[in-house]
Amino acid sequence: MNILVVGGGGREHAIITALSKSAKVDKLYAAPGNGGISKLAECFPVKATDIDGMLELAKKLQPDYVFVAPDDPLVLGMVDKLNEAGFKTFGPRANAAILEGSKVFSKALMKKYNIPTAGYETFTDAEKAIEYIKAQNSYPAVIKCDGLALGKGVIIAKDFEEAKDAVNSMLLDGKFGASGSEIVVEEFMTGPEVTVLAFTDGKTVKPMISSMDHKRAYDNDEGLNTGGMGTIAPNPCYTDAFKAECMEKIFKPTIAAMQAEGRPFKGCLYFGLMLTPNGARVIEYNCRFGDPETQVVLPLLETDLVDIIEAIWEEKLDALDIKWSEKSCACVVIASGGYPEKYETGKQISGLDENGQSDLAYVYHAGTKLEGGKFLTAGGRVLGVTATGDDLKAALDSAYKAVDTITFEKAHFRKDIGKRALEAL
């Protein structure tokens, strides 16, 4: 079969790599794709958010499935449009993608169905939000935009002044545009963070291997929040006891709640969890594969990804036994200097072969382009250097060995990916 993957980052490269291993796949297409993806899939210059353009491309290519990977097109209703035109898809419809598209919706859903999460209130009035924060007098305080903000619409304020500035930047200054026209103020939770991606056909939920993301730009979790500077899987903090608790109190109830609301969720549901002293709590839901979590989870998948896509489309996920490797996986992101703020692009990358790969590890391309046979930087996060190993230390050693052989001007990466996980083992 032929499959079109919507998106052009490291997550999409990981999805396309997994699909390319299936005996059922003849041809892969990507839109817009990137330099590394172009070695596995035919790329088309259609933006991931261009719903009409993507529909036209699908009509031209007639793929057997369209895999919509990023959040924006899912929230905007790309799956709905493709389904109406008769295309089979992977990804939730807009009325289910709202789980990520609106934090106000997801918090209200959790409250209604008793799914454990942080205590919170929602506001559209800056003065009332500031009064509430003052009355709570509990810091750090967490202030979140309602809508999508490229993973940057969350501010953890360490005192009243920071909290007040955060509220004003969202509600009065419009720093995050329409995404920040309503905000959520919630209690600060403590404990290790865990990401669990899960396959679901709207009725059955099958969690994938857990992972640990590293959001801050610099070592020791310093600097600004980014889209993710590296990941490891599995997450050692996510014990069998937590697995059982999350299944019964969070995963199954969330799928049942969406079904009850007439919003069945089909695709990949991302559970951002905190393992607090009082049990597991939901930090956030995302309506798609995480980036860079996908880069460490899919290499450990032993079942054919196409079989899973088909089972979800046909709502027969309960009949499929999904198998995973017992190994560990680590991904170190090489970013442009200055990311997540101002950075330069167009820098030539050295240390990659003609396929954009390394002998020492698998290289997922996040922000690259291919020009005249050379790979150039084209984004903030450039490469996700990924390796598997019999244990986490072996996986990290291999990934960092490869990182040391890949260079471009002003390249930046964290040197402590997986350190916390190794300490937890």
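The values are calculated or read from the model by the stated rules, or taken from the named source; none is laboratory data. Model, not experiment: these values are computed from the prediction. Backbone-built Cβ (ideal geometry, glycine too); neighbour counts: all protein chains shown. Side chains are part of the model used for accessible areas, which takes the heavy atoms of the whole protein and leaves out ligands, DNA and RNA. Shrake-Rupley method; radii C 1.70, N 1.55, O 1.52, S 1.80 Å.
Assorted remarks:
- In the stretch 308-342, residue modelled with the lowest pLDDT [restricted to those that are acidic (Asp, Glu) and not in a helix (DSSP H, G or I)]: GLU341
- Residue within the stretch 14-23 that is open to solvent by 40 Å² or more (accessible area, probe 1.4 Å) and over 21 Å from TYR362 (Cβ atoms) present: no
- Among the residues of the stretch 256-287, just one is of a type in the set (Phe, Trp, Tyr) and assigned to a loop (DSSP other than H, G, I, E, B), namely PHE265.
- Per the listing LEU370, LEU320, the residue uniquely closer than 20 Å to ILE37 by Cβ, in contact with a helix residue (DSSP H, G or I) (Cβ under 7 Å, 6 or more places away or on another chain) and surrounded by fewer than 24 Cβ atoms within 10 Å (Cβ to Cβ) is LEU370.
- Which numbered condition PRO234 misses (of (1) in contact (Cβ under 8 Å) with a residue 40 or more places away in the chain; (2) farther than 23 Å from ILE308 by Cα): (2)
- Within the stretch 202-255, tally of residues that are farther than 30 Å from LYS415 by Cα, aliphatic (A, V, I, L, M) and not in a helix (DSSP H, G or I): 1
- Restricting the stretch 41-61 to residues that are of a type in the set (Asp, Glu) and more than 19 Å from MET1 (Cβ to Cβ), the residue that is surrounded by the fewest Cβ atoms within 10 Å (Cβ to Cβ) is ASP52.
- Single unsatisfied condition, LEU396 versus (1) open to solvent by less than 40 Å² (accessible area, probe 1.4 Å); (2) touching a strand residue (DSSP E or B) at 6+ places or on another chain (Cβ under 8 Å); (3) closer than 23 Å to ALA30 by Cα: (3)
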